There are 2 protein chains.
Amino acid sequence: MEKIKLGIIGVGNMGTCHIETILEGKTTEIAITAVADRRESRREWARSALGKDVVIFEEGEELIKSGLCDSVLIVVPHYQHPELSIMALQHGLNVLCEKPAGVYTKQVREMNDVAKASDKVFAIMFNQRTNPAFQKLHELVQGGTLGQLKRVSWIVTDWYRTQAYYDSGSWRATWKGEGGGVLLNQCPHNLDLLQWICGLPCKVQAFCHEGKWHDIEVEDDVTAYLEFPNGATGTFITSTGDAPGTNRLEITMEYGKLVYENDVVTLHRLEQSEREFCKTAKGGFDKPKCEVTTVDTTGEYPQHAGVMNAFAGRILHGTALIAEGVEGIRGLTLSNAMHLSSWLGHPVTLPVDENLFLSELQKRCSHSREKQEVEVVFDTKGTY
Amino acid sequence: MEKIKLGIIGVGNMGTCHIETILEGKTTEIAITAVADRRESRREWARSALGKDVVIFEEGEELIKSGLCDSVLIVVPHYQHPELSIMALQHGLNVLCEKPAGVYTKQVREMNDVAKASDKVFAIMFNQRTNPAFQKLHELVQGGTLGQLKRVSWIVTDWYRTQAYYDSGSWRATWKGEGGGVLLNQCPHNLDLLQWICGLPCKVQAFCHEGKWHDIEVEDDVTAYLEFPNGATGTFITSTGDAPGTNRLEITMEYGKLVYENDVVTLHRLEQSEREFCKTAKGGFDKPKCEVTTVDTTGEYPQHAGVMNAFAGRILHGTALIAEGVEGIRGLTLSNAMHLSSWLGHPVTLPVDENLFLSELQKRCSHSREKQEVEVVFDTKGTY
């Protein structure tokens, strides 16, 4: 069987997880040919895990230029995502980049321009798009049979992290190293799914609380209000300090309501359009008739293996990706808007002023605290 | 059996409902001795429903001064609540006032001052406080065993109303006649319960949408962000345009989480304080252990009859009220803060500037639309 020759840049928590997925035999069209990490301890781990046929580099740049790979998987701190993706694309490699696409949209826009000008495959690790529940929500909302979006409320506070987590990497949870907190690290999935299912809002006002639950300088608690181009509104609530957290997404449409909770999707389907009913009903307290069903969401949830297999499939057979790399900017736009509106203390319209966002971010980076490196790799199973 | 001699001022939707409750024999210590309404058709209904022993007036003032009552139940448009309550108290009558306490806190503060200076009983119709589920939530949150409040999210969008509802009264859903929309008419219960269970926030930013789902000039869709004195945050989402709506209250505490939905209260109780766990856990992805139980909320939910019986009980036996009248200002403070922050486009701190609120309200009243009177009384069963 033909395989892509994959180089993996970064062997931290998630890089390790991806290597293990590949070693478990879940990605039959992928062969790891090279790995890069700046930490000797991680290179050593990779050597022992992957054997002598896989070449180990210190720098991603060396791996990209080595000629050993036709494709790379980029699993490094967020700031370097666009930089390494651009370099790899320009060296004729296919790129699968971890989320988020980057830290600020200006940088990601450059990456997207390079990707659009290239004939290489550019994908992003939105593994939660492989969840049949979210696929069904995407179909139901975008499919049009439920009419217009009216409201979306997502409480996604089940990203609990301990102080030990934040102490585990010198780049983690700093403006300079990571560029943000829960919005940049944990929520890129949710922000991508939100825009994938409901579209992008046009106005955002967030209230971000920095170091509220942890000794960190970035946000670990966010409440955001959203307005969509058609007038629909939304809320997005997240935190790494709530235990037990909640993951409940409610979407109200013209023809009813969808609720995702505990990985079950419930559809409340109205017999007729609420908009029509409202205007024609005779009684003041009448309500449109409604049928409640559980949406069938059986099917495989292949997670990262699914994204990697689709990446290899596009390269080898031209089949569909799980998420086009250029779509990464959409969720990031939402995250940048949340940060910026919170920093400015007033709502912002989308797309945000990229230069203003960058200068506000840089202000924070210039005071970013120096954290001591603690070398730990956590088992990430079930945390993404 | 001794009975209070109750005069009922206002025989619209809710006044009719209260008279029916009393006629059903649910309030054994209450005798209706007089009724007032400005509409001949409602006086006629009262005459035929109550018989010739009950005296019917056109004006509340006549009823108050008649000497026929020792107590009054005030069920008129909101603006008149403080005015009539003050008059009744000053004439030595006990007062049970419908919610909201009034339209603006300045007016309600005057009413509270009169009530405090009087030796008469002053109560407010917060019938939802008689719901065993909310009583349990109040006990659990205020009791202290779950530690500090961290977050509250209430989606209460099950106040669906048709256009016919809004067309049913000339005062309804106008700035001049009602002083607001869903916040003033439907949500006083929820805002009272929110402050009763969680305490009052100190900062509010709401996004009120006026005439979004109905042909009305006041708000029928609200999303509010709240901050509490201890740093806890919250959201409150309401609408009269969502079908089917949701009524889900989630409260995150230091020792776990409470969820109220479908009239069931679920307690997620942690083995230890999350705050302590966060700082001492060794793993990055560890989570405190949690036990999930359904809270026992069996017991009577006597609704308005419960409030009226407690009112009579206080007068006759000195027993406890369901809600002291002077507490009505608390939920109204929250509602005024939501309106004001939305009108100004920036967060407000509590207590709000009462004069600023009033002048902003008066601006809106001065352009208030003239609605044609449509005489309809809807059956309100199950709508409060």
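The values are calculated or read from the model by the stated rules, or taken from the named source; none is laboratory data. Keep in mind it's a predicted model, so treat the numbers as computed, not measured. A quick note on method: Cβ atoms are made from the backbone with ideal geometry, for glycine too, and the neighbour counts reach across all protein chains shown. Just the protein is used for accessible areas: all its heavy atoms, side chains included, with ligands, DNA and RNA removed. Shrake-Rupley method; radii C 1.70, N 1.55, O 1.52, S 1.80 Å.
Annotation: the antiparallel percentage among DSSP beta bridges lying fully within the protein assembly as shown is about 60.
In the distance distribution for the stretch B:238-300, Cα-Cα pairs more than 20 Å apart total 45 percent. Relative contact order of chain A, taken over Cα pairs closer than 8 Å and 6 or more residues apart, is 20 percent.
Charges were assigned to the Cβ only: +1 to each Lys and Arg, -1 to each Asp and Glu. The resulting dipole of chain A about its Cα centre is roughly 660 debye. Computed on the stretch A:155-247, with alpha-carbon pairs under 8 angstrom and 6+ residues apart, the relative contact order is 40 percent.
Over chain B, the ratio between the Cα radius of gyration and 2.2 N^0.38 Å evaluates to 1.02. The other copies place their B:T293 label points at 3.9 nm from this one, listed shortest first, where each point is 7 Å from Cα along Cα→Cβ.
With Rh defined as the Kirkwood radius, the inverse of the mean 1/r over Cα pairs, the Rg/Rh of the protein assembly as shown is 1.05.
Projected onto its three principal axes, the C-alpha set of the stretch B:80-174 covers 45, 42, 24 Å, listed from the longest axis down.
Residues of A:208-221, mean number of Cβ from any other protein chain within 10 Å of their own Cβ, rounded to a whole number?
1
Pair-distance distribution P(r) for the stretch B:225-332, from all Cα-Cα distances in 5 Å bins starting at 0: 2, 8, 11, 13, 16, 17, 13, 9, 5, 3, 1, 1, 0 percent. Each Cα pair under 8 Å and six or more residues apart adds its sequence gap; the mean of these over the residue count of the stretch A:1-73 is a relative contact order of 43 percent. Straight-line cross-link reach from B:K150 at under 20 Å between alpha-carbon atoms covers these lysines, not counting any fewer than eight positions away in the same chain: A:K212, B:K136, B:K203, B:K257, B:K279, B:K287, B:K289.
Which log10 I(q)/I(0) values, to two decimals, does the stretch B:296-349 give at q = 0.27, 0.28, 0.31 Å⁻¹ under the Debye formula with one point per Cα? Taking Cα atoms of the stretch B:296-349 as identical point scatterers yields -1.01, -1.04, -1.11.
Computed from backbone phi, the HN-Hα couplings of the stretch A:309-322 come to 5, 5, 4, 4, x, 4, 5, 8, 10, x, 7, 6, 7, 6 Hz, rounded to whole numbers (Karplus: 6.51 cos²θ - 1.76 cosθ + 1.60, θ = phi - 60°; Gly and Pro given as x).
Grab the eigenvalues of the alpha-carbon gyration tensor for the stretch B:131-259, scale each by 5, take roots, and send me the semi-axes largest first in whole angstrom.
Details: eigenvalues 179, 41, 29 Å².
Whole-Å semi-axes of the equivalent ellipsoid: 30, 14, 12.
For the stretch A:94-165, the fraction of 1.4 Å probe accessible surface lying on carbon and sulfur atoms is 44 percent. Summary of the geometry: the stretch A:259-337 and the stretch B:33-107, compared by the centres of their Cα atoms, lie 52 Å apart. Axis angle, to the nearest 10 degrees, between helix A:13-23 and the longest C-alpha principal axis of chain A: 80 degrees.
Compared with the dominant Cα axis of chain B, that is its longest principal axis, helix B:354-366 is turned about 60°.
In chain B, the calculated helix contribution to ellipticity at 222 nm averages -10500 deg cm²/dmol per residue, counting -39,500 (n - 2.57) for every DSSP H run with n ≥ 4. For the stretch B:268-384, a Kirkwood hydrodynamic radius built from all Cα pairs, placed in the Stokes-Einstein relation at 10 °C and 1.306 mPa s, yields a translational diffusion coefficient of 77 µm²/s. Extension gain, A:C365-A:T349: 0.36 nm per intervening residue step, less the Cα-Cα distance, totals 3.4 nm. Take A:K363, move 7 Å from Cα toward the beta carbon, and the resulting point lies 2.8 nm from the same point in each other copy, nearest first. Across all directions, the shadow cast by the convex hull of the stretch A:1-91 built on its C-alpha atoms averages 5.5 square nanometres.
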